[in-house]
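Peer 1: Got a structure for you, questions after.
The values are calculated or read from the model by the stated rules, or taken from the named source; none is laboratory data. As the structure is a computational prediction, the values presented were derived from the model and not from experiment. Here Cβ is always computed from backbone atoms with ideal geometry, including for glycine, and neighbour counts include all displayed protein chains.
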Amino acid sequence: MAHPTAGVAFKPQYFDEAIAASAAGLWFEVHAENYMVAGGPRLAMLEALRAVRPLSLHGVGLSLGGTERPDRDHLAALKHLVDRFQPFLVSEHLAWSRIGERCLPDLLPVPRTREALEMVTRNINIVQDALGCQILIENPAHYIALGADWDEPDFLCAIARQTGCGLLIDVNNVAVAANNLGYDAEDYLAALPHADIGEIHIAGHSMDPAFGASLLIDSHDVPVSDSVWRLLETLIDFAGDRPVLLERDGNVPSFGDLMAERNRAVAILTGKVLVDA
Amino acid sequence: MPDLATFQRHFVDLIDGYGDADPLVSIYRNTSLKGALDALADNYPTVATIVGHEVFVRLALAFVGEHPPGSPVLAVYGVGFADWLEHQPIMGDLPYLSGVALIDRLRTETSMAPDADLLDPARLAGWDVEKWSRSAAPLHPATRFGWFTVPAPSIWLAHLDPDTAEIAPEWRAEGILLTRVDHEIVARRIGAAEHRILSGLRLGETIGEAAAATAKLYPHIDIATAFRTVLESGALSSLRSKEFQ
């Protein structure tokens, strides 16, 4: 398989075209939780996809930023997927979602405090030990300013140093958070520990209907904005060639349209000028 | 900044609408709620189609409030939705709705059950009646079936066809069998005899025991035909003669 360049988030409706796609460097990412099932067509589909393309598992439910240790059953299910599908990347979020018996289907914000750093690093160590591989941690989108002992790049750097994990930098989340909390996105990218970055996400965002442009939502339901493309170029300049993943969860376009958007990321990675057909 | 556990409990309280929340907390509230509602709609598509978007959202909001997700694996969220529906006023107008919800649930279970070989009926050529009779026939892990006092199976099956305009099922008790063959889910209506045979096999009865019990309950039904339906449906994973046990 070719060296992974730019990939797309896989959806079952893309299966036939995804299998047949000939684009060099194309890879796919799936949400691990969608495949935590005992058997059947979902896993068969993933097996077929994995046979022809590099695969990344992106978790949304380990609640690494919570006070509780990662749920044993959930971690065992993730390990089962990792062992079976041998993904080239495994990632999770700097977020929490579990509290007691309840799981909120969202990525809730982590205050960047000393205690939170201890919890997050403990939980990442548990996960990496269980999986037997490094994971990447994704920076969140922000809508509310919380108490913080560190700037986020420094907090991510401390997490990486203490656990040996890598970083997944979502430049759309950077754009959204910088807009909402009023900081400079390029300064943020410059301050990241670039050598630790193992993957980059790009996606679209929308304006909040009530707050307008002052509040951007990490909606994943529109094409990537020009501002995010510029941030991707900036981050590639800082960090060099990294696997880039185009996310899209709402108003899902045709596979062809998604690939055309993905090819713009390939052009940035290879330094080529993309000419419209 | 309070300790992390206190912060997180307080944040969930704000999401749930307790306390004076920053208006921006509504973003997390909306995302959490939408995640659960979308999962319930994905997992109960026939219920959602029958009642329509507005009514489904109203029902789902009430269910999610009482039974929020307990796992990040939302593909299986909504266990108990059929039982919960049973106690809702809407059952007065749509008395088959909880049955339809249960079949939606069975379909999810069929889709996600462990993989296993299916029994190939051709392998049974040459077995004599006595060997058949003394054999156990474990169900395939993906096999699900149910019996309903209302025609929920007919109504559910009719909604598999997106062009269905009007449904006028015969108002009678009936069953449904869902199997998984080559990763395709196959659903079919079954009668009381097939349901009794499947129930017996699930409990570990031999084919002879299941046949005898079914014939006693339904003496007017052709048991051989009922067995053939079960055998050819993909419901069984193997046939084990007691001689080999």
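Peer 1: I'm trying to understand the selection: among the residues of the range B:128-148, which are over 16 Å from the mean Cα position of the chain (by Cα), among the hydroxyl-bearing types (Ser, Thr, Tyr) and not in a strand (DSSP E or B)?
Peer 2: B:SER133
Peer 1: Quick check on the range B:80-87. Is at least one of its residues more than 14 Å from chain A (Cβ to nearest Cβ) and out of contact with any helix residue (DSSP H, G or I) (no Cβ under 8 Å at 6 or more places or on another chain)?
Peer 2: Checking the range B:80-87: at least one residue is more than 14 Å from chain A (Cβ to nearest Cβ) and out of contact with any helix residue (DSSP H, G or I) (no Cβ under 8 Å at 6 or more places or on another chain).
Peer 1: Can you work out which of the residues in the range A:88-146 that are more than 7 Å from chain B (Cβ to nearest Cβ) and small (Gly, Ala, Ser) is farthest from A:ARG242 (Cα to Cα)?
Peer 2: The initial filter retains those residues of the range A:88-146 that are more than 7 Å from chain B (Cβ to nearest Cβ), namely A:88-95, A:98, A:100, A:107, A:109-110, A:112, A:114, A:117-118, A:120-142, A:145-146.
Adding the requirement that they be small (Gly, Ala, Ser) leaves A:91, A:95, A:100, A:130, A:132, A:141, A:145.
Numbers: A:SER91: 14, A:ALA95: 23, A:GLY100: 37, A:ALA130: 26, A:GLY132: 22, A:ALA141: 21, A:ALA145: 30 Å.
By that ranking, first place goes to A:GLY100.
Peer 1: Hey, another quick one. Scan the range B:98-119 and give yes if some residue there is under 11 Å from the mean Cα position of the chain (by Cα), under 24 Å from B:ALA212 (Cα atoms) and surrounded by fewer than 21 Cβ atoms within 10 Å (Cβ to Cβ), otherwise no.
Peer 2: No - not one qualifying residue is present in the range B:98-119.
Peer 1: Which residue, of A:LEU216, A:LEU245, is among the hydrophobic types (A, V, I, L, M, F, W, C), more than 16 Å from the chain's Cα centre (by Cα), surrounded by 20 or more Cβ atoms within 10 Å (Cβ to Cβ) and not in a helix (DSSP H, G or I)?
Peer 2: A:LEU216
Peer 1: Kindly evaluate A:VAL8 against the criterion of being hydrophobic (A, V, I, L, M, F, W, C), in contact (Cβ under 8 Å) with a residue 24 or more places away in the chain, closer than 25 Å to A:ILE268 by Cβ and crowded, with 21+ Cβ neighbours inside 10 Å.
Peer 2: In short, yes.
Peer 1: Which residue pairs have Cβ atoms under 9 Å apart, sit 6 or more places apart or on different chains, and have a first residue in the range A:64-84 that is within 12 Å of chain B (Cβ to nearest Cβ) and within 14 Å of A:VAL120 (Cα to Cα) and a second that is assigned to a loop (DSSP other than H, G, I, E, B) and modelled with pLDDT under 95?
Peer 2: A:THR67/B:ASP3; A:GLU68/A:GLY100
Peer 1: Looking only at the range B:120-153, how many residues end up being of a type in the set (A, V, I, L, M, F, W, C), surrounded by 20 or more Cβ atoms within 10 Å (Cβ to Cβ) and modelled with pLDDT under 95?
Peer 2: Quick first cut of the range B:120-153, residues of a type in the set (A, V, I, L, M, F, W, C) only: B:122, B:124-125, B:127, B:129, B:132, B:136-137, B:139, B:142, B:145, B:147-148, B:150, B:152.
Okay, now just the ones that are also surrounded by 20 or more Cβ atoms within 10 Å (Cβ to Cβ), so B:137, B:142, B:145, B:148, B:152.
Of the ones still in play, those that are also modelled with pLDDT under 95 are B:137.
Residues flagged as of a type in the set (A, V, I, L, M, F, W, C), surrounded by 20 or more Cβ atoms within 10 Å (Cβ to Cβ) and modelled with pLDDT under 95 within the range B:120-153 amount to 1.
Peer 1: Has the range B:146-153 got at least one residue that is farther than 21 Å from B:GLY191 by Cβ and assigned by TED's automatic domain parsing to the domain that holds B:ARG196?
Peer 2: Within the range B:146-153, none of the residues are farther than 21 Å from B:GLY191 by Cβ and assigned by TED's automatic domain parsing to the domain that holds B:ARG196.
Peer 1: Is there a residue being more than 27 Å from A:VAL120 (Cβ to Cβ), at the interface with chain B (Cβ under 10 Å from one of its Cβ atoms) and either out of contact with any helix residue (DSSP H, G or I) (no Cβ under 8 Å at 6 or more places or on another chain) or buried (at least 17 other Cβ atoms within 10 Å of the Cβ) (or both) anywhere in the range A:24-39?
Peer 2: yes
Peer 1: Any residue at all in the range A:56-70 that's at pLDDT below 95, of a type outside the set (A, V, I, L, M, F, W, C) and outside any helix (DSSP H, G or I)?
Peer 2: No, the range A:56-70 has no match at all.
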